[in-house]
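Input: a single structure, listed below in structure tokens.
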Amino acid sequence: MPASKCLTHHAALISVMVTMAAVDRTMTDKELARIGQIVSSLPVFADFNDSLLVATAEDCGKVLAGEDGLLRILTQITDATPDALRETTYALAVEIAAVDRNVGQEELRFLELLSQRLKLSKLVIAAIERGARARHAVL
């Protein structure tokens, strides 16, 4: 496996969302729209040039499509994630998983791998996931 490309923290956050959207082999319009909304509204992206979003997402897709793509992108994401953004990274993955309110086995497995790589506690994981369930609840 070639050396990992060094991502910026912005690219890591975008890559985690793109990977979550793609891990079940279908990227829905809702997921793509939510990624755009997140990038345009969250403070962590305030200094990100929005015109780079598509290219950043495409770069992630290229890595995913390559040999050992999921493991390579996980390594790139975790290597580029500063400690202060570990919970944010997981929260963004959960947010994209929750968009369609149907989280499949592939998405659950990716979340498990991501939480292990980010070294998040079970309590933090549960809180982030519960928050997403509350935000996406319908009657």
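Remarks
- Hits in region 62-84 - residues which are assigned to a helix (DSSP H, G or I) and either open to solvent by 30 Å² or more (accessible area, probe 1.4 Å) or without any contact (Cβ under 8 Å) to a residue 24 or more places away in the chain (or both): K62, L64, A65, G69, L70, L71, R72, T75, D79, D83, A84
- For the residues A93, A127, A57, the requirement of being in a helix (DSSP H, G or I), touching a residue at least 60 places away in the same chain (Cβ under 8 Å) and open to solvent by less than 80 Å² (accessible area, probe 1.4 Å) singles out A93.
- Only one of the numbered conditions (1) modelled with pLDDT of 95 or more; (2) in contact with a helix residue (DSSP H, G or I) (Cβ under 6 Å, 6 or more places away or on another chain); (3) over 19 Å from V39 (Cβ atoms) is not met by V103, and that is (1).
- Summed over region 1-32, the residues that are part of a helix (DSSP H, G or I), at pLDDT below 95, open to solvent by 40 Å² or more (accessible area, probe 1.4 Å) and of a type outside the set (D, E, K, R) give a count of 1.
- Enumeration of residues in region 64-88 that are under 19 Å from D24 (Cβ atoms) and of a type outside the set (D, E, K, R): L64, A65, G66, G69, L70, L71, I73, L74, I77
- The set of residues in region 26-41 that are more than 13 Å from the chain's Cα centre (by Cα) and touching a residue at least 24 places away in the same chain (Cβ under 8 Å) comprises T28, K30.
- The condition of being out of contact with any strand residue (DSSP E or B) (no Cβ under 9 Å at 6 or more places or on another chain), touching a residue at least 60 places away in the same chain (Cβ under 8 Å), under 21 Å from E107 (Cβ atoms) and of a type in the set (G, A, S) holds for A21.
- Count of region 96-124 residues which are over 16 Å from T28 (Cβ atoms), part of a helix (DSSP H, G or I) and among the charged types (D, E, K, R): 4
- Test: residue in region 97-111 that is open to solvent by less than 40 Å² (accessible area, probe 1.4 Å), under 26 Å from R135 (Cβ atoms) and more than 14 Å from the chain's Cα centre (by Cα): yes
- Within region 33-53, the set of residues being part of a helix (DSSP H, G or I) and acidic (D, E) comprises just one member, D50.
The values are calculated or read from the model by the stated rules, or taken from the named source; none is laboratory data. It should be emphasised that the depicted structure is a prediction, and the values quoted were computed from it without experimental measurement. A quick note on method: Cβ atoms are made from the backbone with ideal geometry, for glycine too, and the neighbour counts reach across all protein chains shown. To get the accessible areas, we keep the full protein, side chains included, count just its heavy atoms, and leave off ligands, DNA and RNA. Shrake-Rupley method; radii C 1.70, N 1.55, O 1.52, S 1.80 Å.
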